[in-house]
Amino acid sequence: MTQTLFRDDAYLTECSATVTAVTEQGLVLDRTVFYPLGGGQAGDTGVLLLADGREIPITDTRKGKDDTGQFTDAICHLPTLQDPAASVLEVLQRAGVKPGDVVTARIDWARRHRLMRFHTATHLLCHLVPQLVNGCSVTPDYARLDFNMTEPLDKEMLTAALARLVAAAHPVSVGSISDAELDANPALVKSMSVQPPRGSGQVRTIRIGTTDMIDFQPCGGTHVANTAEIGAILVTKIEKKSATTRRVVLAFGP
């Protein structure tokens, strides 16, 4: 099991950690600040600093899988493959890293912060377009949401509404509700394609706003602490992907 430090503090940029496994899926640590691909958000990149000063560039972060293909509680840090013919395990073995080694895990903060800003902006978009989401992608360069709807959307109106929500500087807070509370309020889940993780008895939530409730939903991703931190955000494209799907694409403004 990997302790997920980013869930409690998305602003942590590095941590000390111990290697627990070296596998073909990547390097597994006992704790990490690296967010793994999931919920539509891209996995983090960065470096692992070894005790002798060497660095292992990390090109992606994924959730571990068992032999049946089911996700585990391990988070795998994938090294950059300079040699296309080399496997992940070979790269790690050549680096001489082994279980028990202490490393410093350091994310690419500039990239992560863009992901945090975009992910929070998608929650604002959910407030402006109160429809179920059947697709989501949050990358460092753009974000998109696919809404299950047939009505047209106006690009300029959505951009202006997003700007108002950003400028209002609404606080963004992390919380949790019980599985029973979520079962009693199924409308809190706004995604048709991604269900919140269960099993621990508590489901992580993201809330935007205090007295003015802007958005409240289960979410495991990383977010900024205030909507003002998002900065200039634009709706760059609205597409009709199918008879019942409207795609909205976001980008940062100048």
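When segment 1-49 is filtered for residues that are surrounded by fewer than 18 Cβ atoms within 10 Å (Cβ to Cβ), β-branched (Val, Ile, Thr) and under 22 Å from the mean Cα position of the chain (by Cα), the ones remaining, listed by number, are THR4, THR13.
One residue is enough: does segment 91-111 have a residue meeting the conditions of a type in the set (Phe, Trp, Tyr) and under 30 Å from GLU229 (Cα atoms)? Looking through segment 91-111, at least one residue is of a type in the set (Phe, Trp, Tyr) and under 30 Å from GLU229 (Cα atoms).
For (1) over 23 Å from LEU12 (Cβ atoms); (2) without any contact (Cβ under 8 Å) to a residue 40 or more places away in the chain; (3) loosely packed, with under 13 Cβ neighbours inside 10 Å, each residue gets a yes or a no:
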site: GLU181; (1), (2), (3): yes, yes, no
site: ASN185; (1), (2), (3): yes, yes, yes
site: GLN202; (1), (2), (3): no, yes, no
site: ILE206; (1), (2), (3): no, no, no
site: ASN226; (1), (2), (3): no, no, no
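Here the condition is being in contact with a Phe, Trp or Tyr (Cβ under 8 Å, 6 or more places away or on another chain) and over 24 Å from ASP141 (Cα atoms); of LEU188, LEU182, it holds for LEU188 alone. The lone criterion from (1) under 17 Å from the mean Cα position of the chain (by Cα); (2) surrounded by fewer than 19 Cβ atoms within 10 Å (Cβ to Cβ) left unmet by LYS240 is number (1).
Consider PRO36 carefully, then state whether it is within 18 Å of HIS113 (Cβ to Cβ), modelled with pLDDT of 95 or more and either of a type in the set (Gly, Ala, Ser) or not in a strand (DSSP E or B) (or both). So PRO36 passes the test.
As a summary of the residue check, LEU115 satisfies the conditions (1) on the phi < 0 side of the Ramachandran plot; (2) in contact with a helix residue (DSSP H, G or I) (Cβ under 7 Å, 6 or more places away or on another chain) except for the one numbered (2). For PRO197, the conditions (1) of a type outside the set (Ser, Thr, Tyr); (2) part of a loop (DSSP other than H, G, I, E, B); (3) modelled with pLDDT of 90 or more; (4) surrounded by 12 or more Cβ atoms within 10 Å (Cβ to Cβ) all hold with the exception of (3).
The residues of segment 115-157 that are surrounded by 20 or more Cβ atoms within 10 Å (Cβ to Cβ) and either β-branched (Val, Ile, Thr) or not assigned by TED's automatic domain parsing to the domain that holds VAL248 (or both), listed by number, are THR120, THR122, VAL133, VAL138. When segment 190-246 is examined, which residues are found to be touching a Lys or Arg at 6+ places or on another chain (Cβ under 8 Å) and small (Gly, Ala, Ser)? Once the filter is applied, which keeps residues that are touching a Lys or Arg at 6+ places or on another chain (Cβ under 8 Å) and small (Gly, Ala, Ser), segment 190-246 yields GLY220, GLY231. Residue check: is THR211 out of contact with any Leu (no Cβ under 8 Å at 6 or more places or on another chain), more than 28 Å from PHE6 (Cβ to Cβ) and without any contact (Cβ under 8 Å) to a residue 12 or more places away in the chain? So THR211 fits the description; yes.
When segment 50-63 is limited to residues that are over 20 Å from the mean Cα position of the chain (by Cα) and buried (at least 17 other Cβ atoms within 10 Å of the Cβ), the one that is nearest to GLN82 (Cα to Cα) turns out to be ILE56. Inspection of segment 229-245 finds a residue satisfying the criterion of being within 19 Å of VAL138 (Cα to Cα), in a loop (DSSP other than H, G, I, E, B), in contact (Cβ under 8 Å) with a residue 24 or more places away in the chain and out of contact with any Ser or Thr (no Cβ under 6 Å at 6 or more places or on another chain).
The values are calculated or read from the model by the stated rules, or taken from the named source; none is laboratory data. Quick caveat, the model's predicted, so the values are computed rather than measured. With ideal geometry, Cβ positions are generated from the backbone for all residues, glycine too; neighbour counts draw on all protein chains shown.
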